[in-house]
Amino acid sequence: MSPLCALTSRRSFLGHAGLAALGLAAAPACAETIIKLPLPGGPQSRPITTDFPQKGAMILQRSRPPLLETPFEVFDKGIFTPNDQFFVRWHWADVPTEIDVQKYRLAVRGNVNQVLSLPLQDILGMPRMEIAAVNQCSGNSRGLFAPPVAGAQWANGAMGNARWTGVRLKDVLDRAGVKAGAVAVRFSGLDDALIEGAPKLMKSLDIDHARDGEVMIAYQMSGEQLPLLNGFPLRLIVPGWYSTYWVKMLSDIEVLSAPDDNYWMKTAYRIPDTPHASVTPGQTGYKTVPINRMAPRSFVTNLKDGDKVSPGATVPVRGIAFGGDRGVKTVDVSIDGAANWSATELGSDAGPYSFRQWRAQIMAPTSGDFSLMARCTNTADVSQPPDPNWNPGGFMRNVVEKVRLTVA
Ligand SMILES: Nc1nc2c(c(=O)[nH]1)N[C@H]1C(S)=C(S)[C@@H](COP(=O)(O)O)O[C@H]1N2
Ligand SMILES: [Mo]
């Protein structure tokens with residue numbers, strides 16, 4: 001990287017959160033490396049950036065607000081995604097670049113007995129909990145949708161797994177005392193839109209879900225403070241649900257006595273109320289619901305499209321899987337286009353919401369090209385579907401993925 005690039009991006013991101021300044025952060029011109037993502041709708045080229053604070057090499061999808069994708073080979077290293085290569089997604093460009101931890105307060109208000117304004121110290125003093133959970137963007141893999149749809153053209157790296165440490169949301173709500181008639185709890189953070197009148201990101205959960213003892217407010221991610229871009233100092237964790245609900249830099253919790261009809265619940269992040277949230281391109285008039293639970297997925301991590309294997313060779317294969325809203329029961333692989341499947345060996349179990357590693361050996365054919373497929377079945381016996389889903393939001397892809405290999 002040229003010294004000028006380094007200087008510009010440092011000052012603009014770590015310095016004051018000015019609009020123009022932030023726009024310079026990690027400008028693609030500063031990239032050293034270009035990689036290609038396998039996106040059928042193109043364009044495929046993306047710069048690799050190391051210009052963001054607390055982040056290593058990331059795929060630059062957009063610089064302002066930052067959209068940074070995890071390079072896929074990172075997922076081969078283990079079930080926990082390193083914080084410095086954990087993906088980043090923000091909707092609006094006014095993201096604080098500094099947090100004054102002394103002044104930070106978490107408000108709990110609305111339909112409660114006592115309005116709270118909690119300093120971080122109070123949260124740190126409450127009973128701790130820890131959970132391993134996959135944080136996956138609703139639009140992870142959107143760039144693989146055919147026909148293409150609008151939105152961030154992610155490949156498969158808008159996901160990550162971490163051990164989250166923090167407090168139960170239930171405990172925080174109990175401290176405020178939820179009053180009768182509460183139906184939902186709404187969350188928002190310190191970020192905001194720069195555009196006048198644009199709706200601030202706010203997401204809600206039903207009151208029972210919010211109090212289930214699993215939804216939590218995290219202050220640590222795999223044993224460290226949250227990176228700023230992943231929501232320092234506090235973020236919501238909603239195990240098993242898409243990360244659109246995992247509000248970062250959480251500053252406001254509002255208990256509602258009527259369903260939330262804010263833009264981010266009523267209009268955005270809605271999926272067709274159909275199997276696999278799938279519709280036909282151009283279809284209209286279907287019912288929609290807010291996106292919610294994740295579906296099972298699995299990925300090969302030690303081989304990629306175009307890799308060569310020797311004729312008839314025994315090839316070790318491995319990857320990761322997650323069950324979506326529950327644990328992984330089995331992962332099977334096929335090398336004959338889904339005609340036959342064989343079981344893989346599962347790695348250690350870090351809990352129902354975590355990535356789980358799998359490994360197997362396959363016997364390469366003696367000639368020709370072939371596809372390696374991996375299919376996860378979760379503990380509710382839900383398996384990945386053979387055909388890709390489609391919806392205009394590019395949400396919830398969980399088709400059985402293929403890696404195309406060449407015998408040579
Ligand atoms: N405050 C705030 N929280 C947010 C968002 C946001 O724009 N602002 N985006 C959500 C979405 S859509 C995603 S995919 C995740 C991304 O989390 P990450 O950046 O830690 O990977 O944050 C969620 N929480
Ligand atoms: Mo997202």
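The values are calculated or read from the model by the stated rules, or taken from the named source; none is laboratory data. Just so it is clear, the structure is predicted and the values come from calculations on it, not from any experiment. Here the Cβ positions follow ideal geometry from the backbone for every residue, glycine too, while neighbour counts run over all protein chains shown. Heavy atoms of the whole protein, side chains included, go into the accessibility calculation; ligands, DNA and RNA do not. Shrake-Rupley method; radii C 1.70, N 1.55, O 1.52, S 1.80 Å.
Here are some notes:
- Of all residues making up segment 72-86, the number that are open to solvent by less than 10 Å² (accessible area, probe 1.4 Å) and touching a helix residue (DSSP H, G or I) at 6+ places or on another chain (Cβ under 7 Å): 3
- Residue satisfying all of: in segment 371-395; assigned to a strand (DSSP E or B) and open to solvent by less than 50 Å² (accessible area, probe 1.4 Å); nearest to Gln283 (Cα to Cα) among these: Ser383
- Yes/no for Asp206 being assigned by TED's automatic domain parsing to the domain that holds Trp164, of a type in the set (Asp, Glu) and either in contact (Cβ under 8 Å) with a residue 60 or more places away in the chain or closer than 20 Å to Gly110 by Cα (or both): yes
- Scope segment 197-226; condition not in a strand (DSSP E or B) and not aliphatic (A, V, I, L, M); matching residues: Gly197, Pro199, Lys200, Asp208, His209, Arg211, Asp212, Gly213, Glu214, Ser222, Gly223
- Scanning segment 171-192 turns up at least one residue that is more than 15 Å from ligand 2 (Cβ to nearest atom), open to solvent by 20 Å² or more (accessible area, probe 1.4 Å) and modelled with pLDDT under 95.
- Any hit, segment 79-89, residues being under 30 Å from Leu303 (Cα atoms), touching a residue at least 60 places away in the same chain (Cβ under 8 Å), among the basic types (Lys, Arg) and touching a strand residue (DSSP E or B) at 6+ places or on another chain (Cβ under 6 Å): yes
- Residue selected from segment 128-152 under the condition part of a loop (DSSP other than H, G, I, E, B) and away from ligand 1 (no atom under 16 Å from the Cβ), by the criterion farthest from Arg89 (Cα to Cα): Arg128
- Only one of Leu173, Leu194 that is outside any loop (DSSP other than H, G, I, E, B) and hydrophobic (A, V, I, L, M, F, W, C): Leu173
- If you check Ala339, Ala350 for being surrounded by fewer than 18 Cβ atoms within 10 Å (Cβ to Cβ) and assigned to a loop (DSSP other than H, G, I, E, B), only one passes: Ala339.
- Summed over segment 227-249, the residues that are within 16 Å of ligand 2 (Cβ to nearest atom) and not in a loop (DSSP other than H, G, I, E, B) give a count of 9.
- Selection of first residues in segment 238-256 that are closer than 24 Å to Phe395 by Cβ and of second residues that are of a type in the set (Val, Ile, Thr) and within 11 Å of ligand 2 (Cβ to nearest atom), restricted to Cβ pairs under 8 Å at least 6 apart or on distinct chains, gives the following pairs, ordered by first then second residue: Tyr242/Ile291; Thr244/Ile291.
- Of all residues in segment 255-265, at least one satisfies being over 20 Å from the mean Cα position of the chain (by Cα) and within 16 Å of ligand 2 (Cβ to nearest atom).
- Enumeration of residues in segment 154-170 that are open to solvent by 40 Å² or more (accessible area, probe 1.4 Å) and out of contact with any strand residue (DSSP E or B) (no Cβ under 6 Å at 6 or more places or on another chain): Lys170
- Output for segment 105-128, where each listed residue is within 28 Å of the chain's Cα centre (by Cα) and buried (at least 18 other Cβ atoms within 10 Å of the Cβ): Leu106, Val108, Leu118, Ile123
- Among (1) open to solvent by 20 Å² or more (accessible area, probe 1.4 Å); (2) within 14 Å of ligand 1 (Cβ to nearest atom), the one test that Ser204 misses: (1)
- When residues of segment 251-305 are limited to those that are in a strand (DSSP E or B) and among the basic types (Lys, Arg), the one least open to solvent (accessible area, probe 1.4 Å): Arg297
- Cβ-Cβ distances below 7 Å connect the following pairs, each with a first residue in segment 391-406 that is touching a residue at least 60 places away in the same chain (Cβ under 8 Å), a second residue that is among the charged types (D, E, K, R) and not in a loop (DSSP other than H, G, I, E, B), and a separation of six or more residues or different chains: Gly394/Arg142; Asn398/Arg297; Val400/Arg375; Arg404/Asp369; Leu405/Asp369; Thr406/Lys308; Thr406/Asp369.
- Taken residue by residue, segment 316-324 has no member that is out of contact with any strand residue (DSSP E or B) (no Cβ under 6 Å at 6 or more places or on another chain), outside the structural domain of Ser243 (by TED's automatic domain parsing) and open to solvent by 60 Å² or more (accessible area, probe 1.4 Å).
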